[in-house]
Amino acid sequence: MNEHPSLCILAAHGSSHPSARAALEAFAARVGREFPARRVLLAYTASPRAGNHPAARGAQGQPLEEMLPGLYAQARLGPLRVAVQSLHVIAGEEFGRMCRSLEDLAGCCGAEVAIGGPLLDSPLDAPDVAMALRESLAQDPPAPSEAVVLMGHGTTHAAQSLYRHLAQALRLSLPGARLGVLEAADEHDPLNIRAIASGLAASGVRKALLMPLLTVAGRHAHKDLAGDQPGSWKSVLAAHGIESRADLAGLVEREPFAARLVRRLRALTGGGQGETPWRARA
């Protein structure tokens, strides 16, 4: 890395699903074209599980924890600037763990580290994310009688509240859309798919468009959202008399979201407005 003292790191949870990996790699290639003077690296922040980590299957990029020793070594050789753009959806535990690791790098070696937050970094981001979803749907509109059901991952972290702020923002900008989460929502929670399906059926909805609110469409999107097995969101909706179809593109494949992430990274590197370049996240 001696030839590239200024780096752009795209930090994503990662996926072992081939099409999801390809989507991440395609977005990294786009960022490389947008920032030709900088080396662009793809870092995975998922906790490794036996055989299930992206790097275990020949993916480009590497786990962040394996990337850090090289960054420390580069920083000891001389000035190092690192712009890290999170590709996470919410500022949850995984994002926080990543920030702590990178702040240790800045504190130990004097590297200049700037970190761009996830799409939902705070409640203030919810209206803009809702607008990006509206822009995405405008490119391929659902039928007038078709509800839109979005799947977020969900978390036991306090950041779960960010999904609720987004659900509220969607009610204002996309009344036909419903946001749920896969994890950490009991059957009475408005974010639970069964509660969503029941509410839609009661209002007379008989068709729905399923979309992942996920960085990439990996196993959760293909199996838990759109799969045919009992318990999938598709099956839950069917049990309530709602026929569904799926649009399995991840957020980095949707231009309104991809463009926003590129703008955030450009601000971090000093090429945009509203962000102090090259600062460590507090």
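Which of the residues belonging to the range 211-235 are part of a helix (DSSP H, G or I) and in contact with a Phe, Trp or Tyr (Cβ under 9 Å, 6 or more places away or on another chain)?
224, 225
Out of all the residues in the range 116-131, which are within 13 Å of the chain's Cα centre (by Cα) and over 16 Å from residue 265 (Cα atoms)?
If the condition is that a residue be within 13 Å of the chain's Cα centre (by Cα) and over 16 Å from residue 265 (Cα atoms), then 129 is the only one that fits.
List the residue pairs whose Cβ atoms are under 9 Å apart, where the first residue sits in the range 19-47 and is among the acidic types (Asp, Glu), the second is open to solvent by 50 Å² or more (accessible area, probe 1.4 Å), and the two are 6 or more positions apart or on different chains.
So the pair list comes out as 25/60; 34/266.
Name the residue, out of 105, 133, that is touching a strand residue (DSSP E or B) at 6+ places or on another chain (Cβ under 9 Å), crowded, with 18+ Cβ neighbours inside 10 Å, in a helix (DSSP H, G or I) and at pLDDT below 95.
105
Restricted to the range 156-188, and to residues that are closer than 23 Å to residue 138 by Cα and polar (S, T, N, Q), which residue is least open to solvent (accessible area, probe 1.4 Å)?
The qualifying residue least open to solvent (accessible area, probe 1.4 Å) is 173.
Can you name the residue in the range 74-102 that is in a helix (DSSP H, G or I) and open to solvent by 50 Å² or more (accessible area, probe 1.4 Å) and is also nearest to residue 121 (Cα to Cα) among such residues? Explain how you work it out, then say what you get.
As a first pass, look at the range 74-102 and keep what is in a helix (DSSP H, G or I): 74-77, 93-102.
If we keep only those that are open to solvent by 50 Å² or more (accessible area, probe 1.4 Å) too, we end up with 76-77, 93, 97, 100.
Working: 76: 31, 77: 33, 93: 12, 97: 14, 100: 16 Å.
Residue satisfying both the conditions and the ranking: 93.
Looking at 141, 123 in this structure, which one is at pLDDT below 95 and over 30 Å from residue 68 (Cβ atoms)?
141
Tell me yes or no: at least one residue of the range 56-71 is modelled with pLDDT under 90, under 17 Å from residue 265 (Cβ atoms) and part of a loop (DSSP other than H, G, I, E, B).
Yes, that holds for at least one residue.
Within the range 191-209, is even one residue open to solvent by 60 Å² or more (accessible area, probe 1.4 Å), free of Cβ contacts under 8 Å to residues at least 40 places away in the same chain, touching a Gly at 6+ places or on another chain (Cβ under 9 Å) and among the basic types (Lys, Arg)?
no
Say we look at the range 210-229 and pick out the residues that are surrounded by fewer than 17 Cβ atoms within 10 Å (Cβ to Cβ) and within 12 Å of residue 248 (Cβ to Cβ); which of these is modelled with the highest pLDDT?
Per the criteria, the residue is 223.
Looking only at the range 62-71, how many residues end up being open to solvent by 40 Å² or more (accessible area, probe 1.4 Å) and closer than 27 Å to residue 263 by Cα? Can you show your working first?
Taking the range 62-71 and keeping what is open to solvent by 40 Å² or more (accessible area, probe 1.4 Å), we get 62, 65-66, 69.
From what is left, the residues that are closer than 27 Å to residue 263 by Cα are 62, 65.
Of the residues in that region, 2 qualify.
Any idea how many residues of the range 197-245 are closer than 26 Å to residue 120 by Cα and of a type in the set (Gly, Ala, Ser)?
Residues flagged as closer than 26 Å to residue 120 by Cα and of a type in the set (Gly, Ala, Ser) within the range 197-245 amount to 8.
Could you tell me whether the range 230-239 includes any residue that is under 30 Å from residue 115 (Cα atoms), modelled with pLDDT of 95 or more and either in contact with a helix residue (DSSP H, G or I) (Cβ under 6 Å, 6 or more places away or on another chain) or open to solvent by less than 80 Å² (accessible area, probe 1.4 Å) (or both)? Let's see the steps before the verdict.
Initially, the range 230-239 is screened for residues under 30 Å from residue 115 (Cα atoms), giving none.
No, the conditions are met nowhere in the range 230-239.
In the list 170, 150, which residue meets the criterion of being assigned to a helix (DSSP H, G or I), over 27 Å from residue 268 (Cα atoms) and of a type outside the set (Lys, Arg)?
170
The values are calculated or read from the model by the stated rules, or taken from the named source; none is laboratory data. Just so we're clear, the structure is a prediction, and the values are computed from it rather than from any experiment. For neighbour counting, all protein chains shown are included, and Cβ atoms are generated from backbone atoms with ideal geometry for every residue, glycine included. Remember, those area values only see protein heavy atoms, side chains included, never the ligands or the DNA or RNA. Shrake-Rupley method; radii C 1.70, N 1.55, O 1.52, S 1.80 Å.
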